[in-house]
Amino acid sequence: MSEVQTLKVALLGCGNVGAQVARILIDDAEALAARSGARLELSGIAVRNIDSPRDVELPRDLFTTDADTLVKDADLVIELMGGIEPARSLILTAIQNGACVVTGNKALLAQDGPTLYEEADKAGVQLSYEAAVAGAIPILRPIRDSLSGDRITRVLGIVNGTTNFILDQMDTTGAQFSDALAEAQRLGYAEADPTADVEGHDAAAKAAILASLSFHTRFSLDDVYCEGITKVSAADIAAAREAGFVIKLLAIAEKIGSSENGSGISVRVHPTLLPREHPLAAVRGAFNAVFIEAENAGELMFYGQGAGGTPTASAVLGDLVSAARRLVLGGPGRTETTTGHVPALAIDASTTSYYIGLDVADQAGVLARIAHIFAENGVSIETMRQTIHRDSASNVESAELKIVTHRASEAALAATVEAVKALDVINSVTSVLRVEGV
C-alpha cells in the first residue's frame, strides 16, 4: 500500500473564520485526509500579532508573523486576511510558487480578480473562492459547474446578512433604521463601523463575482451600481407591507437585450420591493439566499447562513479538499470560465418596476395629469391606490398615491419621477423604490 501524501497548508489570518478553519484542520485531520486523499498538515498561521486573544485555543508554535516564508513553503494557501494588500501580493507569491489558493476575499476578487485568475491559469494551479459569497451556501460551484450546460438569465441575491437583519427588524418590529442597526451591532451582526454593509459595498463586491461566473465575463466593482439601505425609513417599510411587499437589499445580475439587437449585463445592488409570496421575501434575520433563473433549469434558490466563523469555514474547507484532490490526482487547476465579452450596462439601461409614493393635492384632474406624464415617458402603471388625509390643524385635505409600474427602462422611470416632481399639485414624493418579482 502506497504511503499517503502530505500537503502543507499555510493559513493567512486567524479571525473568526480563520480560527475555525485551523480548528477543523486539526480536529478533523483524519476525515479530511480520507476525503482529499492526502494528509492536510497545517504548517503555520500568519498573523499580525501572535498574542492577540482568540476564541479558539490553538498551538502557539503554529503562529508566525512571517507570512512570506510561510507561503513559499506551502502546497496549499488559505487567505483569510481580507483587504487588498498584503493579501494580493501573498496570493500572487503562492501562485508563482505553485501552490493552490483558497480565499474568501470578495473585495480583492471584485477589484483585481482578473489578474489573480490569469496568474493561476498560467501557473496551472487552482484558485477557489466559494467562501467569498454567501458564507456556507454552496453557490459558486453550482453556478460554475452544475449550471455550465445551461444559460443563466438572472440572479437575485440577499448576500449581506447585516442588512437583511436590519430590514427584517424594521419589517417585523416597526423599528427605525438607527434602532435596528444598534440591535444588529449589539448582537454582533454589524461592525462598529457598518459602512461597508449598510452602504451596499460588501454586497456589490459579491454581485461582481456572481455576475462574472453567471455570464462568463469578467466584471469588476466599477461595473456595479450600488445603493445602500440608509435612506430606507420605517414609513417605507410600512407602506411596502400595506401594499403586500417586503424590502430587501438585493444584488442583481441580469441579461438585458437580445443577441440580434445587442445585449449586455446589468449588475446592481439596491433596496428592492419583493412581493411577500416571492421565495426571497421569506429570508429572515441574518440569513442569505441566492435565486437563479436559467433557460432550462428554471428557477432555483440556494439558502443558508451567510456569515459566521463555522459556516464560512465549511465553505473554505470544501474548496481546500477540492484543491488537495487536484494536487493528488495531478492535472491543471480548475480555471475561471470567462468565454464571453458581454458589456456591463449602466443603471439607466436596466429594466425594472418602480413603487412611487406621492403626497398630492386632493383636487380634480390630478390623477389624469400624473397618468399623462407616465404615458409620455412610456411607463405603464400597473396599480394605483389612493388614500385621502385631512390635516387636523389646517383642515386641508390631501391624497396619498401609491403607484406600482410595469417594467420599463431605468432611464424612463427616472425621467417620469422627475417630471412628476415638477407638477404644482405634488406636495412631496414620499418614496421611490425599485420592485422585482411582479
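The values are calculated or read from the model by the stated rules, or taken from the named source; none is laboratory data. If you're wondering where the values come from, they're calculated on a predicted model, not measured in any experiment. With ideal geometry, Cβ positions are generated from the backbone for all residues, glycine too; neighbour counts draw on all protein chains shown. Heads up: the accessible areas ignore ligands, DNA and RNA and are worked out on the full protein's heavy atoms, side chains in. Shrake-Rupley method; radii C 1.70, N 1.55, O 1.52, S 1.80 Å.
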Query raised in the report: Which ³J(HN,Hα) values, rounded to whole Hz and listed in residue order, are derived for the range 219-225 from phi using the Karplus coefficients 6.51, -1.76 and 1.60 in 6.51 cos²θ - 1.76 cosθ + 1.60 with θ = phi - 60°, glycine and proline given as x?
Result: 10, 10, 4, 5, 8, 9, 6
Query raised in the report: What FRET efficiency would be calculated for the residue pair THR430, GLU57, taking the C-beta separation as r and a Förster radius of 56 Å, to the nearest 0.05?
Result: 0.55
Query raised in the report: Separation of the range 19-35 and the range 170-212 by C-alpha centroid, Å?
Result: 32 Å
Report task. Report, largest value first, the span of the C-alpha coordinates of the range 215-359 along each principal axis, in whole Å. Result -> 67, 45, 30
Requested in this report: Identify which of GLY365, GLY37, GLY161 has the largest mean-square fluctuation in a Gaussian network model of the chain, with springs joining Cα atoms closer than 10 Å.
Outcome: GLY365
Query raised in the report: Counting Lys and Arg as +1 and Asp and Glu as -1, what is the net charge of the other residues whose Cβ lies under 12 Å from the Cβ of ILE137?
Result: +1
Query raised in the report: Hey, any idea what % of the chain's accessible area is carbon plus sulfur with a 1.4 Å probe?
Result: 48 percent
Requested in this report: Mind sorting out which of (i) 1.05; (ii) 0.98; (iii) 0.95 is the real Rg/Rh (Cα atoms, Kirkwood Rh) computed from the coordinates?
Outcome: (i)
Report task. Highest first, please rank the peptides 308-316, 185-193, 429-437 by the mean number of other Cβ atoms sitting within 10 Å of their residues. Result -> 308-316, 429-437, 185-193
Query raised in the report: At a probe radius of 1.4 Å, what is the per-residue accessible area of LEU140, in Å² to the nearest 10?
Result: 10 Å²
Query raised in the report: Could you work out the helix-only [θ] at 222 nm for the chain, with each DSSP H run of four or more residues adding -39,500 (n - 2.57) and the total divided by the number of residues, to the nearest 500 deg cm²/dmol?
Result: -10500 deg cm²/dmol
Query raised in the report: By per-residue mean of other Cβ atoms within 10 Å, what is the highest-first order of 3-9, 98-104, 66-72?
Result: 98-104, 66-72, 3-9
**Report entry** Whole-number accessible area per residue in Å² for the chain, which is evaluated in the context of all protein chains at 1.4 Å
**Finding:** 43 Å²
Report task. Determine how large the accessible area of LEU92 is when every protein chain is in place; take a 1.4 Å probe and give Å² rounded to the nearest 10. Result -> 20 Å²
Report task. Show me 41-47, 30-36 ranked by packing, highest mean number of other Cβ atoms within 10 Å first. Result -> 41-47, 30-36
Query raised in the report: With every protein chain present, what accessible area does ASP168 have (1.4 Å probe, heavy atoms only), rounded to the nearest 10 Å²?
Result: 20 Å²
Query - Net charge over other residues, Cβ less than 14 angstrom from the Cβ of THR416 (K, R count +1; D, E count -1) - result: -1
Query raised in the report: What pairs from LYS122/LYS206; LYS248/LYS421; LYS206/LYS255; LYS206/LYS421; LYS206/LYS402; LYS8/LYS122 go past 28 Å between their alpha carbons?
Result: LYS206/LYS421; LYS206/LYS402
**Report entry** Beta bridges by DSSP in the chain, antiparallel share as percent, to the nearest 5
**Finding:** 70 percent
**Report entry** Förster-model FRET efficiency, 22 Å R0, ILE388 and ALA368, C-beta, rounded to 0.05
**Finding:** 0.80
Report summary line: The Cα radius of gyration of the range 94-152, divided by 2.2 N^0.38 Å with N its residue count, comes to 1.19
Query raised in the report: So, counting K/R as plus one and D/E as minus one, what does the shell of residues with Cβ under 12 Å around ARG88 add up to?
Result: -4
